[in-house]
Amino acid sequence: MSVSRAFKVLISHPQVPAPALQLLCSRGAETIICKSVPPSRDEILEKVGGVDAILWAHYQPLNAVILDAAGPQLRAVSTMSSGIDFADVEEFKRRKIPLGHTPGVVKNSVADLAIGLMIAAGRHFHAGRTDIETSQWVTEHIDWRMGVEIRDSVIGFFGFGGISQAIAKRLQCWDVAKILYTTRNRKENDVDYKAEHVPFERLLQESDFLVVAAPLTSETREKFNSKAFAQMKGSAVFVNVARGGLVNQADLHEALSSGKLFAAGLDVTTPEPLPADSPILKLPNCVVLPHLGTQTMKTTIEMSLLAANNIINAIEDKPMLSPAY
Ligand SMILES: O=C(O)C(=O)CO
């Protein structure tokens, strides 16, 4: 079924995959595509006036300034992301503008990457590479670069949404000792993953691998700070695939450099991009990636299609497939 009249959609980034643009066009959309990479706020503000919908394909602030510039006819916005900490959700609610996002389709690629970080951090990928580059390859030492294994480990999740569940699903055949998670409320489907809902303190104290995969909110900001790291095992591996803001990075640096924490794997940092001289990059026991969680073509196409379908539904006065509020 096609919508009854043509509608205009601002595409905030020129590299949004073609299938999403084709889908929108097949449903009567005129797409107005921004050309700048990285996206230019000036270009967005110049082109957004009068559009019916916006496909927001990056992490810049999505706030009243954009909504004002778009105008009162705006009927739908969807991000191409799971996290929406860059969007002023209260402003969308106040204006009753539907806002969509794409959590359901990011989980698999982020889960793969999280397991990669658990292993990369637990098994010294970063330090091992540096050892080769600095001719410190000393295999004759039996205790050289001893790592920790996922097998027989307690895996803890802070947040137990789609990403954590996708990781837990993958780990079912890794012979883990136990899966724990902390969320505000117990998840009914935790039995599917043999996962136990525990208070935050227990999660900290018992996890051998602690994976952060929760939204950044005022409640979760810097939840992982010196007080939290002090309660974790000295042999623990800390992994963050959510947002850098959940972690006090200076406190994490201190915990890693003082040996209070064994290792960390980070796909997200504060700030992003991380400056090349950031102290966290100098730590041998910290693997840092430049926010690559969803960087596969398969997932990027799925995200763009879900964002396009969110917009089409809202324009057709139907609920978005994946509403953010
Ligand atoms: O989709 C998101 O919000 C991500 O940050 C994926 O890494």
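The values are calculated or read from the model by the stated rules, or taken from the named source; none is laboratory data. Owing to the predicted nature of the structure, the values given are computational and were not obtained by experimental measurement. Using ideal geometry, Cβ is built from the backbone for each residue, glycine included, and neighbour counts are taken over all protein chains shown. To get the accessible areas, we keep the full protein, side chains included, count just its heavy atoms, and leave off ligands, DNA and RNA. Shrake-Rupley method; radii C 1.70, N 1.55, O 1.52, S 1.80 Å.
Just to check, using Stokes-Einstein with a Kirkwood Rh over alpha carbon pairs, what's the diffusion coefficient of the chain at 20 °C and 1.002 mPa s in µm²/s?
The estimated diffusion coefficient comes to 102 µm²/s.
Mind checking the range 153-213 for trypsin sites (Lys or Arg not before Pro) that DSSP puts in a loop (not H, G, I, E or B) and that have at most 14 other Cβ atoms within 10 Å?
Qualifying residues, ordered by number: Arg184, Arg186, Lys194.
Per residue and in cubic angstrom, what volume does the convex hull of the Cα atoms of the range 31-180 have?
Taking the convex hull of the Cα positions in the range 31-180, it is 156 Å³ per residue.
Of Pro215, Cys173, Asn309, whose Cα points farthest to the positive end of the dipole of the chain (charges on the beta-carbon: +1 Lys, Arg; -1 Asp, Glu; origin at the Cα centre)?
Going by the charge dipole, the pick is Asn309.
Quick one: which residues, 5+ away or cross-chain, put their amide H under 5 Å from the amide H of Ala87? H built at 1.01 Å from N.
Answer set, sorted by chain and number: Leu62.
Per residue of the chain, what 222 nm ellipticity follows from adding -39500 (n - 2.57) for every DSSP H run with n ≥ 4, rounded to the nearest 500?
-10000 deg cm²/dmol
Taking 0.36 nm per intervening residue step and subtracting the Cα-Cα distance, what contour gain separates Gln60 from Ser135 on full extension?
Result for the pair: 22.8 nm of gain on full extension.
Between Arg202 and Val37, what's the calculated FRET efficiency when r is the beta-carbon distance and R0 is 41 Å? Round to 0.05.
Efficiency computed from Cβ-Cβ geometry: 0.35.
Say a paramagnetic label sat at a point 7 Å from the Cα of Glu149, along Cα to Cβ; which residues of the range 106-123 have their backbone N under 15 Å from it?
Answer for the range 106-123: 119, 122-123.
Arrange the residues Glu201, Glu90 by how much accessible surface each exposes, largest first, with a 1.4 angstrom probe.
Glu90, Glu201
Can you list residues from other chains, or at least 5 along the same chain, whose modelled amide H is less than 5 Å from the amide H of Val288?
Counting only residues 5 or more places away or on other chains, the set is Leu266.
Can you give the convex hull volume per residue for the Cα atoms of the range 106-288, as a whole number of Å³?
118
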